[in-house]
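The structure appears below as structure tokens.
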Amino acid sequence: MFQPLQGVRVIDLSHVIAGPLSSFYLAQLGAEVIKIEPPHGDVMRAGRDAEGDTPDGFVALNAGKQSAAIDIRTAAGAEAVRELARGADVFIENFRPGTVARLGLDEDAIRAVNPSVIYCSISGYGQEGEWSGRGAYDHVVQALTGMMMMSGDDPQGPPIKVGFPVIDVAAGLLAAFA
């Protein structure tokens, strides 16, 4: 099978949906993706039905990836990620702006060990500006864009969230293409 990204290494420091979906697409195109999770695992792992089961949502977003449990909040953990980034082609993160800078994993820190890396930072409202520090969840952005006002059967009824996480999926897809 033709895999156009074979030989490309991606360090995936993302969590939940948008970032993991982005690196999932890259993995499907042949990239080697190393997903960094905290020692307790990505938040999407928490939806287990039974002890030991890996939730379907987590599996769907992370298929084809390698995984490493690293506590990036420690100096040793952040250094381990920088060392992995030294040999990477792409680095993806989707924390609130400023979070990775505090941990020494922002674009400048990663470029210091690998100047040619493609650094992808996914955030709800951009890296700078009045709203940059706000958390962005799919349903919040659906409300802000008016998408929820267009959903439902009753034009006079309350706003209704689209059942599918369309904003997160669109962000992940756009990040992968970028």
Given H placed on each backbone N at 1.01 Å, which residues far from Ile118 in sequence or on other chains put an amide H within less than 5 Å of it? Val90, Phe91
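Return the Rg/Rh value of the chain, two decimal places, where both radii are evaluated on C-alpha atoms and Rh is the Kirkwood radius.
Values: Rg = 17.3 Å, Rh = 17.3 Å.
Answer for the chain: 1.00.
For the chain, what relative contact order do you get, as a whole percent, if you take Cα pairs closer than 8 Å and at least 6 residues apart? Each step should come with its number before you reach the end.
Numbers: 294 pairs, mean separation 41.6, N = 178.
Taking the mean separation of contacting Cα pairs over the length of the chain, I get 23 percent.
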In a Gaussian network model of the chain with springs linking alpha carbons closer than 10 Å, the residue among Gln127, Gln66, Gln156 that fluctuates most is Gln156
Report the FRET efficiency, 1/(1 + (r/R0)^6), for Val113 and Ala143, where r is their Cβ-Cβ distance and R0 is 35 Å, rounded to 0.05. 0.30
Average accessible area per residue (Å²) across the chain - probe 1.4 Å, nucleic acids and ligands excluded: 56 Å²
If you roll a 1.4 angstrom probe over the protein chains with everything in place, what fraction of the accessible area of the chain belongs to carbon and sulfur, to the nearest %? 57 percent
For the range 1-93 the trypsin sites (Lys or Arg not before Pro) that pass both the DSSP coil test and the at-most-12 other-Cβ-within-10 Å test are Arg48, Arg73
What are the residues whose amide H is under 5 Å from the amide H of Ser67, where those residues sit 5 or more places off or on another chain and H is modelled from the backbone? Lys35
For the range 112-178, inverting the pair-averaged 1/r of distinct alpha-carbon atoms gives a Kirkwood value in Å of 14.1 Å
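With +1 on the Cβ of every Lys and Arg and -1 on the Cβ of every Asp and Glu, and nothing else charged, how large is the dipole of the range 1-108 about its Cα centre, in debye rounded to the nearest 20?
With Lys and Arg at +1 and Asp and Glu at -1, about 100 debye.
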Working from Cα positions, state the angle (0 to 90°, nearest 10) between the long axis of helix 166-177 and the longest principal axis of the chain. 30 degrees
Karplus-derived 3J(HN,Hα) from phi for the range 124-141 (6.51 cos²θ - 1.76 cosθ + 1.60, θ = phi - 60°), whole Hz, x at Gly and Pro, runs x, 10, x, 8, 9, x, 4, 9, 4, x, 6, x, 10, 10, 3, 5, 5, 5
Can you give the convex hull volume per residue for the Cα atoms of the range 1-68, as a whole number of Å³? 81 Å³
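How much length is gained if the chain between Glu128 and Asp56 is pulled fully straight, taking 0.36 nm per residue apart and subtracting their Cα-Cα distance, in nm to one decimal?
Values: separation 72, 0.36 × 72 = 25.92 nm, distance 3.45 nm.
Residue separation times 0.36 nm, minus the Cα-Cα distance, leaves 22.5 nm.
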Compute the helix-to-body angle for 18-28: its Cα long axis versus the longest principal axis of the chain, expressed 0 to 90° and rounded to tens. 60 degrees
Residue by residue through the range 95-111, the couplings from Karplus 6.51 cos²θ - 1.76 cosθ + 1.60 with θ = phi - 60°, in Hz, x for Gly and Pro, are 7, 4, x, x, 5, 5, 5, 4, 8, x, 10, 6, 4, 4, 5, 6, 5
Through the Karplus equation 6.51 cos²θ - 1.76 cosθ + 1.60, θ set to phi - 60°, convert the phi angles of the range 56-68 into ³J(HN,Hα) values in whole Hz; use x for Gly and Pro. 4, x, 5, 4, 4, 7, 10, 4, x, 10, 8, 10, 9
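The values are calculated or read from the model by the stated rules, or taken from the named source; none is laboratory data. Note that the coordinates shown come from a computational prediction; the quantities given were computed from them, not determined experimentally. Here Cβ is always computed from backbone atoms with ideal geometry, including for glycine, and neighbour counts include all displayed protein chains. Note: accessible area is taken over every heavy atom of the protein model, side chains too, but ligands, DNA and RNA are not part of it. Shrake-Rupley method; radii C 1.70, N 1.55, O 1.52, S 1.80 Å.
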